[in-house]
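The structure appears below as structure tokens.
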Amino acid sequence: KEAVALARARLGGGGPAGQLSARLAWTGPKADGSESSLSPDGRFLSFPDWDTGNLGLHDFVSGADRMLTNAGSWKHGESAFAEVSAISRDGKQVAYAWYEDKLDRYELRVLSLNGDPNPRRVFEDTNVNYIEPRDWSPDGKWIAASLWERDNKTAQIGLIGADGSLRLLKSET
């Protein structure tokens with residue numbers, strides 16, 4: 001009981017009888033929590049903009065959205081779009097899955113949140129069909145990601161380094 005009381009106190013313990021409470025912070029067609037990432041300070045949320053294919057950033061303070069990428073496209077045979085993203089722990093970068101129809105595969109890209117429109121490709125592999133960045137190491141040198149092989153039978157969890165190296169942690173078929 002003491003540990004629970006201490007945890008509630010450290011987490012804010014708001015609400016009746018020390019219970020935590022929740023509130024809806026953002027709704028609308030661009031709000032996509034399943035493929036989004038919240039910045040560590042809680043100010044920003046990265047999201048895939050399904051209207052354009054670009055990666056967007058919602059600012060909870062101003063309420064404004066801005067696109068981080070500009071290469072998204074839904075043209076037949078030329079689709080390119082952002083999906084799952086993860087904001088770095090220092091809140092300065094975002095890693096995201098980028099699909100290129102011409103290549104028929106996903107790659108992992110990283111982009112600065114300061115408005116630099118030039119993403120850098122961190123990881124691509126012709127054997128990887130799909131990738132989801134999930135978190136960053138505290139020092140920003142590794143990105144934790146889920147990967148699926150092209151055979152659609154093998155799922156993996158790994159760490160991707162800034163140099164594009166992959167350190168597999170778990171693989172299942």
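The values are calculated or read from the model by the stated rules, or taken from the named source; none is laboratory data. Please read all numbers here as calculations on a predicted model, not as lab measurements. No Cβ is skipped: glycine too gets one built from the backbone with ideal geometry, and neighbour counts run over all protein chains shown. Keep in mind that these areas ignore ligands, DNA and RNA; they rest on the heavy atoms of the full protein, side chains included. Shrake-Rupley method; radii C 1.70, N 1.55, O 1.52, S 1.80 Å.
With the highest mean first, a sort of the peptides 134-141, 66-73 on other beta-carbon atoms found within 10 angstrom per residue produces 66-73, 134-141. Springs join every pair of Cα atoms under 10 Å in this Gaussian network model of the chain, and among SER34, SER85, SER146 the largest mean-square fluctuation is at SER34. When the Cα gyration tensor is reduced to axis lengths a ≥ b ≥ c, the ratio a/c is 1.5 or higher for the range 90-173, and with a/b not above b/c it is classed as oblate. The phi-based Karplus calculation (6.51 cos²θ - 1.76 cosθ + 1.60; θ = phi - 60°) puts the 3J(HN,Hα) values of the range 59-65 at 9, 6, 6, 8, x, 8, 10 Hz, whole numbers, x for Gly and Pro.
Per-atom-type breakdown for the chain gives carbon and sulfur 50% of the accessible area (1.4 Å probe, protein chains only). Using a 1.4 angstrom probe, figure out how much accessible area the chain has per residue, in square angstrom, rounded to the nearest whole. Ligands and nucleic acids excluded, the figure is 58 Å² per residue. With contributions of -39500 (n - 2.57) from each DSSP H run of at least four residues, the per-residue ellipticity at 222 nm computed over the chain stands at -1500 deg cm²/dmol. In this view, the solvent-accessible surface of LEU159, computed with a 1.4 Å probe and all protein chains in place, comes to about 40 Å².
Within straight-line reach of LYS30, meaning a Cα separation under 25 Å, sit the following lysines at least 8 residues removed in sequence or on another chain: LYS75, LYS92.
The H on the amide N of ASN129, modeled in the peptide plane, is under 5 Å from the matching H of TRP148, GLU149, ARG150, each at least 5 residues off or on a different chain.
Give the label of the value calculated from the structure for Rg and Dmax of the Cα atoms in Å, choosing from (i) 18.0, 60; (ii) 38.6, 124; (iii) 17.1, 57. Recomputing Rg and Dmax of the Cα atoms in Å here picks out (i).
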